[in-house]
Amino acid sequence: MKKITNILASIAPSLLNLVGIKKTTFLACLVLSIALNAQQKKWTLQECVNYALENNISIKQSELDVELAEINKKDAIGNFIPSINISSNHSWNIGLNQNITTGLLENLTTQFTSFGLNSNVDIYNGLRNVNSLHRSNLAILANQYQLDRMKDDTSLAIANAYLQILFNREQFKVLNGQNKLTKDNLQQTKALIDAGVIPQGDILELQATDAGQEQQLISAQNNLFLSKLNLAQLLQLKDYQNFDVETISYDLISEDILEQNPSVIAEKAKEELNNIKIAQANMELAEYDVKLAKGALLPRLSGFYSYSTRASYSDQISGFELDTNNPTNVIGRVEGTGQNVITPNRRPIIGGPDALFDQFSQNDGHNFGLQLNIPVLNGFASKNNVSKNKVSLERSKFQLEQANLDLEASVYQAYNDAKNAKQAFEAATKTANAREQAFNYINERYNLGVVNSFDFNQSKIQFENAQTNVVQAKYDYLFRLKILEFYFGIPITQN
């Protein structure tokens with residue numbers, strides 16, 4: 001709005017010079033006009049559908065399911081990659097411990113550091129990794145089908161609500177026209193009464209009709225508001241008071257879809273609709289579940305490797321030297337002579353720990369090998385899991401078969417409903433035309449005073465009911481055609 005105002009301000013002086021209007025007044029009027037137009041925006045069917053597809057909470061949740069399926073696929077890919085884990089540890093030991101240099105128990109604080117690396121890789125595990133990857137790809141497709149079906153259902157609901165607004169609007173227009181005609185007849189009747197052509201009581205029936213029609217108008221206006229409110233709520237709009245839609249002209253209704261054979265529409269629906277695709281994907285998912293369950297019965301071969309090293313921060317004995325204070329030790333006596341056996345008395349030379357990385361290099365080690373696990377008995381859990389998944393597979397096959405049968409029945413029903421709705425619309429149109437001619441004839445005779453007000457009012461009511469039936473039949477026919485086109489893959493927003 002600010003940008004538009006700046007543009008208008010730049011071109012305003014030349015315009016103002018021509019018309020002699022004050023600049024402030026001119027800008028205020030234009031800005032107010034733009035603001036009113038913005039508030040009176042009328043939504044098209046395409047805009048309603050697009051907005052619903054972008055903002056519907058259920059659709060957003062379904063999109064999260066697709067995203068989660070993508071993450072599950074990454075997990076399946078990760079099963080092919082070796083697992084690698086690195087560990088490290090540094091510890092302090094405080095308290096009464098044996099001094100490794102003196103052999104005596106002392107209150108010491110010692111520190112140790114260790115590092116390790118472990119890796120495992122599946123070499124064969126009953127093809128579970130391969131089947132898991134295939135299943136994850138299929139799960140993404142199934143969730144996408146589910147998302148597409150939700151979008152289709154949302155689009156159909158939006159179109160239905162949109163057509164309901166158009167129906168209520170046209171119904172209100174018809175009732176308003178009927179009431180206008182009644183009021184015109186009231187004026188004519190008053191003129192005839194004043195002229196003494198008809199008695200005073202003939203106006204009472206028309207007055208009652210006028211009051212009844214005004215009541216119908218109030219009800220129709222309320223129905224129109226409620227239908228707008230319903231669509232605004234489907235779109236999750238908060239400003240439903242100013243919500244309105246554009247009127248679509250359905251004067252010429254396309255009936256091309258009725259030229260198709262129902263069997264052709266059913267086959268096309270199987271290709272286009274997501275119900276069958278979802279059931280097919282669920283069956284294939286069940287097949288992979290069986291394969292994964294069978295994989296648990298097969299041996300599993302894996303490889304492993306580990307590396308470890310350690311270091312200590314304690315003092316150590318680096319050598320020995322002669323104890324000058326006590327150079328010899330008596331370690332025994334010679335039998336028979338009693339002569340002492342003497343050995344040099346050496347004391348240890350205490351040094352600090354080796355360099356940290358030297359210790360890591362000296363104390364490292366490797367461990368690797370193969371591990372084979374053969375399932376023998378686990379309480380029949382694996383075997384029962386296979387049986388359960390086979391039952392689920394059979395159930396999914398029946399669901400796919402049922403989905404095909406349901407779709408065929410729905411298509412044939414929709415085709416029959418559309419044909420019946422067409423015949424009802426054509427019959428209602430013929431009836432309305434006949435009622436209009438009859439009413440015009442009665443109206444002319446009434447104006448001449450030949451027909452009484454009761455007969456006139458009866459003819460008028462029949463004509464008005466016929467008009468209402470045309471509107472109802474028209475929009476019922478339109479929605480039936482929309483459903484049939486939806487089965488054939490024609491976008492719901494196409495006029």
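The values are calculated or read from the model by the stated rules, or taken from the named source; none is laboratory data. What you see is a predicted model, and the numbers here were worked out from it, not measured in a lab. All Cβ positions, glycine included, derive from the backbone under ideal geometry; neighbour counts span all protein chains shown.
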Being in contact with a Pro (Cβ under 9 Å, 6 or more places away or on another chain) and hydroxyl-bearing (Ser, Thr, Tyr) narrows Ser155, Ser132 down to just Ser155
Among the candidates Ser58, Ser114, Ser136, which residue alone is within 22 Å of the chain's Cα centre (by Cα), surrounded by 15 or more Cβ atoms within 10 Å (Cβ to Cβ), over 25 Å from Leu372 (Cα atoms) and not aliphatic (A, V, I, L, M)?
Ser136
Which of (1) assigned to a loop (DSSP other than H, G, I, E, B); (2) within 28 Å of the chain's Cα centre (by Cα) does Ile276 not meet, given it meets every other one?
(1)
Among the numbered criteria (1) more than 30 Å from Asn179 (Cβ to Cβ); (2) part of a helix (DSSP H, G or I); (3) touching a residue at least 40 places away in the same chain (Cβ under 8 Å), which one does Pro375 miss?
(2)
Ile461: of a type in the set (Val, Ile, Thr) and assigned to a helix (DSSP H, G or I), yes or no?
yes
On the basis of being surrounded by fewer than 19 Cβ atoms within 10 Å (Cβ to Cβ), touching a helix residue (DSSP H, G or I) at 6+ places or on another chain (Cβ under 9 Å) and within 30 Å of Val245 (Cβ to Cβ), does Ala161 make the cut?
no
For the range 214-273, the count of residues that are part of a helix (DSSP H, G or I) and polar (S, T, N, Q) equals 10
Is there any pair with a first residue in the range 218-238 that is more than 13 Å from Phe172 (Cα to Cα) and in the same structural domain as Ser58 (by TED's automatic domain parsing) and a second that is surrounded by fewer than 17 Cβ atoms within 10 Å (Cβ to Cβ) and of a type in the set (Phe, Trp, Tyr) whose Cβ atoms are under 8 Å apart and which are 6 or more apart or on different chains, and what are they?
Lys228/Tyr240; Leu229/Tyr240; Ala232/Tyr240; Gln233/Tyr240; Leu235/Tyr51
The lone condition Asn222 fails out of (1) exposed (fewer than 13 other Cβ atoms within 10 Å of the Cβ); (2) within 27 Å of Phe463 (Cα to Cα); (3) modelled with pLDDT under 90 is (3)
Test: Tyr145 is among the hydroxyl-bearing types (Ser, Thr, Tyr), in contact with a Lys or Arg (Cβ under 6 Å, 6 or more places away or on another chain), modelled with pLDDT of 90 or more and crowded, with 19+ Cβ neighbours inside 10 Å
yes
Of everything in the range 257-294, what is exposed (fewer than 13 other Cβ atoms within 10 Å of the Cβ) and either of a type in the set (S, T, N, Q) or closer than 30 Å to Lys228 by Cα (or both)? Give them in sequence order.
Asn261, Ser263
Pull up the range 180-219, narrow it to residues that are crowded, with 19+ Cβ neighbours inside 10 Å and in contact with an Asp or Glu (Cβ under 7 Å, 6 or more places away or on another chain), then point me to the one that is nearest to Leu234 (Cα to Cα).
Thr182
